[in-house]
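What follows is one structure encoded as structure tokens, with my remarks underneath.
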Amino acid sequence: MQLCYQNTQITKLVNDWHAQGKTVAFVPTMGGLHQGHLSLIDIAKQKADKVIVSIFVNPAQFGKNEDLDSYPRTLNADLVALEANVDGVFIPDVKQVYPNGISKHIDVGKIGQILCGKTRPHFFNGVAQVVEILFGIMRPDVAVFGQKDYQQLLVIRQMVKNLSLNICIESGEIIREKSGLAMSTRNQYLSENEVKIATNLYKNLFYLKCEILKNKKIDALKQLAEFNLKKHFKLDYLEVLDANTLRKITDNTHQIIILSAVLLGSVRLIDNLIFKKG
């Protein structure tokens, strides 16, 4: 496993692999690695000859009063977890990624302006900005993202299409604790009691899915689910949409997605469930 701290180092490494006829898969992370990240690496290993993981806490996607300074940084433990799983790790500092400062604006389109984009309008611009920069530094053949950040996944796919980048975007399913709680680096912020409360997010989404599959009226079911979620959380949003477009469900919808974002204390939790229309 080769560690690269400079843009030139990781670019040379990838160029050398490409010169040898090797394909390269890339998994971008902000560290604080858990089994969810490792599952994405497993997918990357299936899709390419070489795998690179980046560890970079991206300041561009944090808003004012968000947790940039306190975001879990566990580099030593992360490198131990990656040792037997990847071929290279890119660990840049802010100056490597943003040599001219953070000033670029990327049009993330309508898909980045709804849901999380309403309450965190800076977020998808910051994500798209850093992903475009990292893609430019590494030029991977494949990049793998998790479905827990489903809206982010669609924003990145749209960006790749808009920029005509020759990169295949793959996705990995949500990895959950036995309780159903979606694995997340920010779960480290939760107290033992809050972890128990947090499981109610998945439980309510799963119940909503089951009721939708019984062909009951979605609007009424959604209202009930919102009421139940508000017993445990401050609700940001709960939506039931077409999984391919994040628009309202129509007769042409084949896959449905239930998406929700909530606050438990100061911790923001997101989750979703994707399923075929009944």
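The values are calculated or read from the model by the stated rules, or taken from the named source; none is laboratory data. Not measured: the values here are computed from a predicted model. Ideal geometry is used to build each Cβ from the backbone, glycine not excepted, and the neighbour counts take in all protein chains shown. Protein only, heavy atoms only, side chains kept; ligands, DNA and RNA dropped before computing areas. Shrake-Rupley method; radii C 1.70, N 1.55, O 1.52, S 1.80 Å.
Here are a few things to note about the model shown:
- Applying the condition of being of a type in the set (D, E, K, R) and outside any loop (DSSP other than H, G, I, E, B) to region 223-255 and asking which residue is surrounded by the fewest Cβ atoms within 10 Å (Cβ to Cβ) yields 234.
- Top-ranked residue in region 44-59 [being in a helix (DSSP H, G or I) and surrounded by fewer than 21 Cβ atoms within 10 Å (Cβ to Cβ); ranked as nearest to the chain's Cα centre (by Cα)]: 59
- Residue that is modelled with pLDDT of 95 or more, open to solvent by 20 Å² or more (accessible area, probe 1.4 Å) and touching a Lys or Arg at 6+ places or on another chain (Cβ under 9 Å), where the choices are 270, 258: 270
- Between 65, 7, the distinction of being out of contact with any Asp or Glu (no Cβ under 9 Å at 6 or more places or on another chain), open to solvent by 20 Å² or more (accessible area, probe 1.4 Å), over 16 Å from residue 184 (Cα atoms) and at pLDDT below 95 belongs to 65 only.
- Qualifying residue in region 106-121 (condition: open to solvent by 50 Å² or more (accessible area, probe 1.4 Å), within 21 Å of residue 55 (Cα to Cα) and out of contact with any Gly (no Cβ under 9 Å at 6 or more places or on another chain)): no
- Residue 136 vs. criteria at pLDDT 95 or above, under 28 Å from residue 7 (Cβ atoms) and loosely packed, with under 14 Cβ neighbours inside 10 Å: yes
Residue-by-condition table, conditions (1) assigned to a loop (DSSP other than H, G, I, E, B); (2) polar (S, T, N, Q); (3) farther than 21 Å from residue 132 by Cβ; (4) touching a Pro at 6+ places or on another chain (Cβ under 9 Å):
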{"position": "10", "(1), (2), (3), (4)": "no, no, no, yes"}
{"position": "25", "(1), (2), (3), (4)": "no, no, no, yes"}
{"position": "40", "(1), (2), (3), (4)": "no, no, no, no"}
{"position": "73", "(1), (2), (3), (4)": "yes, no, yes, no"}
